[in-house]
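Chemist: Submitted below is the structure of interest, expressed as structure tokens.
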Amino acid sequence: MPADGGRAGAEWGSTTDAAPMYPSIVAQEDVPITMSDGVTIRATVYRPADASGQPINEPLPVVVNLTPYTRLVNTLVDAISEHPELGPLLQAVVRDADLTGTPFDGVEEVASVLLGGGARLLGINRNLIQNGYVQVVADVRGTGYSQGVWQVLQAREQQDSVEILDWISAQEWSNGDAAIAGISYSAINGLQAASHRPPSLKAVFAVEPAEDLAHDIVMTGGAGGIGFMPLWLTLVNTLKFLPSLEALLTGQFDPAWLADRMAEPYVLGEEFLEATFLAEGIAAYDGPFFAGINPQVERIQVPTFVFGSYQDIFARGQVRIFDRLQLPPTHKKLVMGENYHANPGWRMGEAGQPPRLDVLARAWFDRWVRGVPNGIDNYGPVVSDQMGGGWVTTTSIPHPGSEYRKLFLDAAPSGSAGHSAHDGSLRETASGQARLSVAPGVENVCSRDSALGTAGLLALLGSQCTRDGRTAERDAVTFTTAPVAQPTQISGPMNLRLVTRHDAPEGFWHVTVSDVAPDGTSTTVTSGGLVSSRRAIDQARSTTTPDGDYIDAVHPLTRESRLPVVPGERTVLDIDLRHTDALLKPGHRLRVSVFASSLVRYIPLIPDLAATGLRPQHIDLDPAEPSWLLFTEK
């Protein structure tokens, strides 16, 4: 089945865009749901209604969304995107805008979220409701208008999810069948809920979930995700103080709600400061906290649809989620886009592209919750927005038939990167000795990694940063191949073996791999980073080639796993680079860029940063102990 679903995909779109079954929606606000420990979770229940506004009086399947951002955000998204005049106007403006070649083309890219159906997954899915589903949107414990202290995906919050589903099953408007849909946090707690196997849950549609939060975003390679985590924690801890206006106006203000907020005004604030300044705390190592919040994907038994992106903050884990699902291809799907976290659905909904996210969600739930044989079982199972190519359908990432390839870093100039700190080559064999130095810099603020690390915020800097890495590469040592003669497909994870020396007792390395066009444009297709003392490898969680080389190295983040960095001595690193899918066209080149910083994406924690002394770091090139890039190609 093609990426757009072919004839079946056209029918999914027609079904979603057809006149609704029911003309109206009725909402019941601040519905109390009492948890087993006495805490009250508050939710809004949306039901289909007739023309007079009376709810349809029959039990229906239920779609659940569990959010930490307060239901007010869902309501505002719905009010804008579904407004009968404003919604179509905004969509028309975004659709017709052409900012190509201007400094503002990043605005167009981010605003395209309005076209890809993502708003209905974040807000209120009126299409589902008006076609015979009930939607329940609940504020998770300690957020929005719910009582309690925010649990941040921990065991008690997971138990709440199961209890909410059990409560829903007992309501007169529910037929006992439920599904979970959501973006980001709501996608993660959807996978968590499914892992607990509640009897009413029949399907999950997870947009941009995470697999391993410590490695995906909080402490990637041992460096703190400063571009996202501090702002995100502050956002949720601020929004949770917004009171229910309806409760205030009706004199039903909940004093227990305020007492719970004041009990811990900034959840995880102390742990965040501890981790930042002491290299301790929950964010500094693998341990019970993250083990408890990462979804137990292998336990999921219900049909699960995952939408991810190669430029998402959680991109490291989304292919892994698909691989870990113990389900047949008919019951699990993966669509990998090229968007950022803030604009899911980019490049979807047009000819040759996957249907919009809301169309896919509707088809998924109709099939697995209602039993409608609409053919989505045969979609994919993997649909990928191949960078440098277009949307393709496959069975796995890396693509079947891909083979391992190793290219060696060489100091000899490639003639393609005179703008970098050193223009080296990627070659089939290692030759010549050299020591190349790279110092921390700030140029990669203008980069695709900065946009990725800020969930898409810095994509507003435009394609001169996000689609062309030459500005950032001025702070890097680069290694570039000769132009390829044939189309070359590169997919899956990568590993950079780097032989280094440090002048200080710590170091930090950031690496990008790019597709370099004949005109010199250098577009990042994947990246990764590693604090030098975090170079130990978890053998059980890592993947090697038959020759024993790491293709997907996982670095433990425990106190005990730290390895000393001795100034002046060689230190060998295996830097893991997240999954990718790219097509090098004839005349294009592959480039590895090695940096000593990535200012917005992530930085070492304060003690580690101080230990680096911000001093230059060195790459030792020696055929006797070579540095190389390992990847799979076809």
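The values are calculated or read from the model by the stated rules, or taken from the named source; none is laboratory data. Being a predicted model, the structure only gives us computed values, none of them experimental. Heads up, the Cβs are rebuilt from the backbone with ideal geometry, glycines too, and the neighbour counts pull from every protein chain shown. What goes into the accessible areas is simple: the full protein's heavy atoms, side chains included, and nothing from ligands, DNA or RNA. Shrake-Rupley method; radii C 1.70, N 1.55, O 1.52, S 1.80 Å.
Chemist: Accessible area, 1.4 Å probe, largest first: how do Arg474, Arg47 sort?
Modeler: These residues rank, largest area first, as Arg474, Arg47.
Chemist: What's the local net charge at Asp37, with K and R +1, D and E -1, over the other residues with C-beta under 13 Å away?
Modeler: -2
Chemist: Relative to 2.2 N^0.38 Å, what does the C-alpha radius of gyration of the stretch 496-586 come to as a ratio? Two decimals please.
Modeler: That works out to 1.25 for the stretch 496-586.
Chemist: For the stretch 565-570, take each phi angle, set θ = phi - 60°, evaluate the Karplus expression 6.51 cos²θ - 1.76 cosθ + 1.60, and give the result in whole Hz per residue in order, putting x for glycine and proline.
Modeler: 10, 9, x, x, 9, 5
Chemist: What number comes out for the charge environment of Ala10, summing +1 per Lys or Arg and -1 per Asp or Glu over other residues with Cβ under 14 Å away?
Modeler: Once positives and negatives cancel, what remains is -1.
Chemist: Further question: Calculated FRET efficiency, Gln464 and Asn57, Cβ-Cβ r, R0 60 Å, to nearest 0.05?
Modeler: Here the calculated transfer efficiency is 0.55.
Chemist: Hey, another quick one. For Tyr379, Tyr550, write out the residues from largest to smallest accessible area, computed with a 1.4 angstrom probe and no ligands counted.
Modeler: Final ranking, largest accessible area leading: Tyr550, Tyr379.
Chemist: A further question follows. Going from most exposed to least, what order do Lys240, Lys202, Lys585 have by accessible area with a 1.4 Å probe?
Modeler: Ranked list, largest accessible area first: Lys585, Lys202, Lys240.
Chemist: Leaving out same-chain residues fewer than 8 places away, which lysines sit with a Cα under 17 Å from that of Lys585?
Modeler: Within the straight-line cut-off, Lys585 pairs with Lys634.
Chemist: Roughly to the nearest percent, how much of the accessible area of the chain is carbon and sulfur, given a 1.4 Å probe?
Modeler: Carbon-and-sulfur percentage of accessible area, whole number: 57.
Chemist: Let me ask another. So for the stretch 566-634, Kirkwood radius off the Cα pairs, Stokes-Einstein at 25 °C and 0.890 mPa s: how many µm² s⁻¹?
Modeler: So the translational diffusion coefficient is about 157 µm²/s.
Chemist: What translational diffusion coefficient, in µm²/s and rounded to a whole number, does the Stokes-Einstein relation yield for the stretch 210-281 at 37 °C and a viscosity of 0.692 mPa s, taking the hydrodynamic radius as the Kirkwood radius over Cα pairs?
Modeler: Reported coefficient: 229 µm²/s.
Chemist: Treating the stretch 95-185 as a set of equal point scatterers at the Cα positions, no solvent, please give the Debye-formula log₁₀ I(q)/I(0) at q = 0.12, 0.16 Å⁻¹.
Modeler: Reported log10 I(q)/I(0), two decimals: -0.57, -0.82.
Chemist: Here's a follow-up. Accessible area per residue for the chain in Å², computed with a 1.4 Å probe and the full protein assembly in place, what is it?
Modeler: Per residue, the chain has 36 Å² of solvent-accessible surface.
Chemist: Kindly state, to the nearest 0.05, the FRET efficiency for Glu246 paired with Gln539, given R0 = 60 Å and r defined as their beta-carbon distance.
Modeler: 0.60
Chemist: If we count every other residue with Cβ under 10 angstrom of Tyr550's Cβ, Lys/Arg +1 and Asp/Glu -1, where does the sum land?
Modeler: -3
Chemist: In addition: Working from the alpha-carbon coordinates of the stretch 179-337, get Rg over Rh, Rh being the Kirkwood radius.
Modeler: 1.03
Chemist: Could you give the size of the charge dipole of the chain about its Cα centre, using +1 on the Cβ of each K and R and -1 on the Cβ of each D and E, expressed in debye and rounded to the nearest 20?
Modeler: In debye, rounded to 20, the chain gives about 740.
Chemist: Which log10 I(q)/I(0) values, to two decimals, does the stretch 338-467 give at q = 0.12, 0.14, 0.17, 0.18 Å⁻¹ under the Debye formula with one point per Cα?
Modeler: At q = 0.12, 0.14, 0.17, 0.18 Å⁻¹ the computed log10 ratios are -0.77, -0.94, -1.13, -1.17.
Chemist: Further, regarding this structure: As an exercise, find the ratio Rg/Rh for the stretch 169-219 from alpha-carbon atoms, using the Kirkwood inverse-distance average for Rh.
Modeler: Rg/Rh for the stretch 169-219 comes to 1.10.
Chemist: Please list the non-local residues whose amide H lies under 5 Å from the amide H of Met387, H modeled 1.01 Å from N, same-chain partners needing a gap of 5 or more.
Modeler: HN-HN under 5 Å from Met387: Asp581, Ala582, Leu583.
Chemist: Give the distance, in whole Å, between the Cα centre of the stretch 556-608 and the Cα centre of the stretch 336-369.
Modeler: 32 Å
Chemist: When a/c is below 1.5 the answer is rounded, else prolate if a/b is larger than b/c, else oblate, so apply that to the stretch 294-388 with a ≥ b ≥ c taken from the square roots of the Cα gyration tensor eigenvalues.
Modeler: Note, shape of the stretch 294-388 comes out oblate.
Chemist: Using 7 Å Cα-to-Cβ label points, what is the Arg570/Arg405 separation (nm, one decimal)?
Modeler: 2.7 nm
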